[in-house]
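Asker: Pasting in a structure now, in structure tokens, and then I'll have a few things to ask.
The values are calculated or read from the model by the stated rules, or taken from the named source; none is laboratory data. These numbers were taken from a predicted model, which means no experiment stands behind them. Positions of Cβ are generated from backbone atoms using ideal geometry, with glycine treated the same way; all protein chains shown enter the neighbour counts.
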Amino acid sequence: MIEKNLSWDRQTEIHLDPCPFCGKKPKMKYIGNDHIRDKVIEISCWGCCKMRVGALHHDFNWIEDTIQKKWNKRTDAERTDQ
Ligand SMILES: [Zn+2]
């Protein structure tokens, strides 16, 4: 079995827009690892918002991609709402 290196450096590959409400840069938190089925990535902006995406049958790359799109899309939607 090939062990994948989960490093916090991976955050730099991901572009997250700042929170539309407080303007803070969100941080990502990895919960779980590739050896267990239940994996979750949580994005939080230190207060007002929190978003979680989890996966059973995908790896962290998939979750990163999904939550990145979701977060950035949400930001755009909120802006046009104003
Ligand atoms: Zn916020």
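Asker: Give all pairs with beta carbons closer than 7 Å in which a residue from the stretch 34-61 that is in contact (Cβ under 8 Å) with a residue 40 or more places away in the chain meets a residue that is part of a loop (DSSP other than H, G, I, E, B); count only pairs at least 6 apart in sequence or on separate chains.
Answerer: So the pair list comes out as Asp59/Asp34; Phe60/Leu6; Phe60/Asp34.
Asker: How many of the residues in the stretch 1-36 are among the charged types (D, E, K, R), surrounded by fewer than 11 Cβ atoms within 10 Å (Cβ to Cβ) and modelled with pLDDT under 65?
Answerer: 2
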